[in-house]
Amino acid sequence: HQKVLQFNHDDLDKDQQEDGNPGDFSPDAVEQVARLKGRLRYTSARRLSPTEVNISTDAVAVSTMVWFIHDIDPIQAQYECKFTAYIEWLSPNAVGLPEHVRLSKEELISLNMPEIDVRNKVELKVEEGPDAYITDSTVGRIMVSTRYLAKLQLRLKLRNFPFDEQSLPIDFVMPSEKDNRRAFVFRNCELAPLAKNLDEWTVKDTWTRCDFHEGMSQAAMFVQVRRNSKYYVVSVLGVMLGISSLVFTVWCIEVDEKGRGFDDQGKILVPLLMTLLAFKLLTASGKIPKVAKATIFDRYVLATEACFFVTVFSCSLLRSLITSGPEMAKMGGLLRFSFGLVLLLTWLIFLLCMAREVKRAKEEDSRDDQGSVHIPGFESACEKILQKPLIPICTFKRKAVLMEITIKHVFAINPAAANFTCEFEVNMAWLDAKAKQMPSGTKLDKEKCKKLGLPKLSVQNAQSCTMKFESGR
């Protein structure tokens, strides 16, 4: 296909040269287009042939730690999360350098650090990092950790609502031109305990996928969550089932040959229908987005409304038959029993079909595993990166930090959003050899405390955090 397109472009260029007409472009514009064509990179050429030389030769390992997941919004198709991304790669320039020493930004440039971006981001904030260290100087393995607070886009699948499962993605890409020979490989994906405790959802599993997207290497991490449908079953579907089941009580009201009793049936059906419609509008409004395909919830609501209208038409037909003559009036009881039995059996069969569909929806797996192609040298690079643990065991001695936390104020406790606001004070004490030269009671500012090894604190479950240095001594 590409060869045919190339031939067509060549023929077009020849025709334009023969005619002396460059079309709508000036000579300067034609020259600019020729230069831009050589720089075009965002194509899917990597997918066409696994024998291309420019297919991935260098591996970049990615690992994630998700600290919390918050505010899964089906209306906006977004969710918020805090996660730490660990990026590992091999660099010949890192061989022989000292290990476990934090690298500067200038050193990372010389070590050819990959540029990472999150493709499905709506908002992305770097909370901490990047912190880079050489973890294995024998092969030149480098690890960079960065903690993000992000609002990400997701693709909702609401056909099985309220028994649906959703995949919460984090899509890493390497958009830089210098990383076109690199490809991702996933090491692992971990969830902190707070990320597993969701109010409306239950975390089912995590899975990953590495592929190419528009010529860029892509590593996608998915958190598979299942909606807790107990609220909808008990408080919504159960109430609607009770309301719609009351419609069959109209068949207990006898209609004589003069039509007496039909008014009593109407006094039951009309209020029940109004109650059902009002309950539907109050419960479904603002809960789920307007989607093109009907969900399980929509089909159930339509079935309950259809049950009401069919019952109304059946009652009208029964009244017409009974009042048509004395012979049909004598069969009024049998007709009423037959109509009610047929509708009741139809309703029960529908409920069984719905239960079967719910069971199928719970067993459905929406994963879409895909792989990417690499040349043989890529596998050896992966083995060198993954043969040792992500966080190596450090031989240096750990220092103790004494902490005292004083909570001053707690307010704005929001059970719906599962968050609260508080103000607290942290007092820390630690030992440092440099402080021996200072007299006791010396007041220290923030810069002096940093020189004396001020520990850096972070609140992992904070959606937003404002810190203020008070004093040091």
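The values are calculated or read from the model by the stated rules, or taken from the named source; none is laboratory data. Nothing here was measured: the structure is a model prediction, and the numbers come from that model. Positions of Cβ are backbone-derived with ideal geometry, glycine not excepted, and every protein chain shown enters the neighbour counts. Ligands, DNA and RNA are stripped out before the accessible areas are found, and what is left, the full protein with its side chains, is counted by its heavy atoms. Shrake-Rupley method; radii C 1.70, N 1.55, O 1.52, S 1.80 Å.
In square nanometres, what is one fourth of the surface area of the convex hull spanned by the alpha carbons of the stretch 221-300?
The orientation-averaged projected area of the Cα hull of the stretch 221-300 comes to 7.6 nm².
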Please state the relative contact order of the stretch 182-299 as a whole percent: Cα pairs under 8 Å, 6+ residues apart? 18 percent
Past 26 Å, Cα to Cα: identify those pairs from 157/230; 399/451; 121/157; 230/359; 121/446; 290/362, in the order given. 121/446
Extreme residue, positive dipole direction of the stretch 409-456, given options 421, 455, 411 (C-beta unit charges): 455
Exposure of residue 213 as accessible area (Å², to 10), given a probe of 1.4 Å and all protein chains: 50 Å²
Using only the heavy atoms of the protein chains and a 1.4 Å probe, how would 89, 251, 430 rank by accessible area, largest first? 430, 251, 89
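Would you mind working out the magnitude of the charge dipole of the stretch 210-293 relative to its Cα centre, with +1 at each Lys and Arg C-beta and -1 at each Asp and Glu C-beta, to the nearest 20 Debye?
That gives a dipole near 340 debye.
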Shape call for the stretch 116-241 from the C-alpha gyration tensor, a ≥ b ≥ c root eigenvalues: rounded (a/c under 1.5), prolate (a/b greater than b/c) or oblate? prolate
Among 281, 324, 307, the residue whose Cα sits farthest towards the positive end of the charge dipole of the stretch 278-347 (+1 at Cβ of Lys and Arg, -1 at Cβ of Asp and Glu, taken about the Cα centre) is 281
What dipole magnitude, in Debye to the nearest 20, does the stretch 186-233 give about its Cα centre under +1 on Lys/Arg Cβ and -1 on Asp/Glu Cβ? 240 debye
Need the C-alpha centroid separation for the stretch 123-143 versus the stretch 291-336, integer Å. 69 Å
Any chance you could look up the accessible area of residue 324 with a 1.4 Å probe, heavy atoms only, rounded to 10 Å²? 80 Å²
